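Undergrad: Could you have a look at this structure, given as structure tokens, before my questions?
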Amino acid sequence: MTDSPLLQDRRLGRNQMTGLTVLGLETSCDETAAAVVRRSAGGHVEVLASVVASQIAQHAPYGGVVPEIAARSHVEAIDTIAAQAMDEAGLSYAELDGVAATAGPGLVGGVMVGLAFGKAVALARSLPLVAVNHLEGHAVSARLGADVAYPFLLLLVSGGHCQLLEVGGVGACRRLGTTMDDAAGEAFDKIAKTLGLPYPGGPALEKLAIGGDPDRYALPRARLGHKDCDFSFSGLKTAAARIAEGLTTEAERRDLAAAVQAAIARQLRERTARAMDLYAQDHGGEALRFVVAGGVAANSAVRAVLEEAAEAHGFSFTAPPLAYCTDNAAMIALAGAERLALGISDPLDAPARPRWPLDAAAAAANPSHLAGRKGAKS
Ligand code: KG4
Ligand code: ZN
């Protein structure tokens with residue numbers, strides 16, 4: 001991290017007086033997103049614009065995200081989406097204090113598009129660049145809607161991740177648990193597919209489950225009795241797929257959807273409750289804060305059980321506004337602004353990273369939780 005004195009003066013001078021205004025870019029999966037966020041010197045956050053262009057229609061025929069299609073589509077959309085965000089914010093590039101782009105983890109072809117675009121803006125406008133970890137974006141996303149002070153316990157539940165983290169501050173995360181196989185969103189998506197629902201399956205399954213009887217089908221309860229905070233959804237996925245094969249009526253499908261949603265919510269609650277106990281032991285006498293983030297945080301059954309768990313364990317509960325649960329660039333802009341406020345930026349040769357654990361030490365120490373084919377994508 002080596003900035004020119006000019007950049008540092010400019011950034012720190014503005015930060016002390018008026019805060020930081022940052023353009024955020026997100027292209028790590030199937031959303032091309034750009035946003036402009038202003039963070040006051042006191043930490044107050046204002047989203048000036050947040051544009052998300054979804055590629056769902058392009059991937060839907062394939063039942064999931066096709067990396068090559070995603071990357072091409074990001075290339076086609078990124079300049080228009082960024083221009084739209086600047087337009088909606090009513091700002092010129094000269095009024096920005098920095099550019100933040102997701103640099104991983106994610107589909108690397110897409111990540112490279114947003115990161116290269118961010119580097120070009122930074123170079124052309126002499127702005128500092130922040131190469132943001134997508135997961136750090138999710139971690140700060142609740143701060144887009146409410147003032148949440150550090151430290152807090154975070155449940156990050158999305159399509160690619162399912163982790164419990166102690167978040168002590170910017171770049172200071174300790175992982176308490178992760179998934180041994182699928183992420184919760186991935187389980188929603190795969191089970192939804194076996195129920196014949198369109199991609200992305202999570203929201204479709206939630207809709208189908210309305211009015212369903214969650215007790216009609218017995219589904220396995222994973223990791224009961226384990227003293228750690230890890231998750232596992234593969235047994236549930238297999239059991240649900242087997243039941244789905246034999247269903248004939250709409251009422252049966254609805255009941256299975258309700259049972260699956262309840263089973264995922266129950267496991268998230270059980271593992272989170274365990275993490276809350278551990279966290280509370282380490283933070284005795286402090287205000288206990290719990291934050292849930294990621295696409296699955298948009299699910300109301302999941303939110304409800306987590307809110308209940310927080311209350312039972314003496315934690316405050318914060319979830320991002322719905323628009324910032326799933327992938328967006330406002331969270332990337334904010335993560336960038338928080339780093340810039342601490343004087344942290346990245347060089348223009350910052351790499352795009354397909355894998356990038358938030359807590360690198362925990363990921364390296366536990367080989368059964370490795371990234372990729374060998375385990376969860378954390
Ligand atoms: O955070 P996100 O947009 O992308 C990743 O970083 O993975 O999360 C997307 C995931 C998908 O698996 C999607 O099915 C799930 O979040 N999701 C939901 C809901 N909305 C999105 N799952 C259950 N219920 C929902 N309402
Ligand atoms: Zn995400």
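Undergrad: Taking the range 87-145 as the region of interest, how many residues are within 15 Å of ligand 2 (Cβ to nearest atom), over 23 Å from ASP349 (Cα atoms) and not β-branched (Val, Ile, Thr)?
TA: Total satisfying the criteria: 5.
Undergrad: Among the residues of the range 97-110, is there at least one that is assigned to a helix (DSSP H, G or I) and crowded, with 23+ Cβ neighbours inside 10 Å?
TA: Among the residues of the range 97-110, at least one is assigned to a helix (DSSP H, G or I) and crowded, with 23+ Cβ neighbours inside 10 Å, which makes the answer yes.
Undergrad: A follow-up question, please. Can you tell me which of (1) more than 17 Å from ALA100 (Cβ to Cβ); (2) modelled with pLDDT of 95 or more; (3) surrounded by 24 or more Cβ atoms within 10 Å (Cβ to Cβ) is the one ALA376 doesn't meet?
TA: (2)
Residue by residue, here is whether (1) crowded, with 17+ Cβ neighbours inside 10 Å; (2) touching a Lys or Arg at 6+ places or on another chain (Cβ under 8 Å); (3) among the acidic types (Asp, Glu) holds:
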| position | (1), (2), (3) |
| --- | --- |
| ALA263 | yes, yes, no |
| THR272 | yes, no, no |
| GLY285 | no, no, no |
| ALA301 | yes, no, no |
| ALA304 | no, no, no |
| PRO321 | no, no, no |
| THR326 | yes, no, no |
| ALA330 | yes, no, no |
| ARG339 | yes, no, no |
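Undergrad: Follow-up. Please go through (1) touching a His at 6+ places or on another chain (Cβ under 7 Å); (2) part of a loop (DSSP other than H, G, I, E, B) for ASN328 and return the number of the only condition it doesn't satisfy.
TA: Condition not satisfied by ASN328: (1).
Undergrad: Another one. With ALA94, ALA71 as the choices, which residue is in the same structural domain as VAL22 (by TED's automatic domain parsing), closer than 26 Å to ARG125 by Cβ and touching a Lys or Arg at 6+ places or on another chain (Cβ under 8 Å)?
TA: Just a single option satisfies the conditions, and that option is ALA94.
Undergrad: What about ALA312, is it surrounded by fewer than 24 Cβ atoms within 10 Å (Cβ to Cβ) and out of contact with any strand residue (DSSP E or B) (no Cβ under 9 Å at 6 or more places or on another chain)?
TA: Spelling it out, ALA312 is indeed surrounded by fewer than 24 Cβ atoms within 10 Å (Cβ to Cβ) and out of contact with any strand residue (DSSP E or B) (no Cβ under 9 Å at 6 or more places or on another chain).
Undergrad: Residue check, VAL75 against (1) among the hydrophobic types (A, V, I, L, M, F, W, C); (2) within 15 Å of TYR324 (Cα to Cα); (3) away from ligand 1 (no atom under 16 Å from the Cβ), all met but one. Which one?
TA: (2)
Undergrad: What about ALA57, is it within 20 Å of GLY336 (Cα to Cα), modelled with pLDDT under 95 and in the same structural domain as ARG355 (by TED's automatic domain parsing)?
TA: no
Undergrad: I want to confirm something. Restricting to the range 106-127 and keeping residues that are over 22 Å from LEU358 (Cα atoms) and in contact with a strand residue (DSSP E or B) (Cβ under 7 Å, 6 or more places away or on another chain), which single residue is nearest to ligand 1 (Cβ to nearest atom)?
TA: Looking at the filtered set, the residue picked out is PHE117.
The values are calculated or read from the model by the stated rules, or taken from the named source; none is laboratory data. Note that the structure is predicted; figures quoted are calculated from it, not measured. Neighbour counts run over all protein chains shown; Cβ positions are idealised from the backbone, glycine included.
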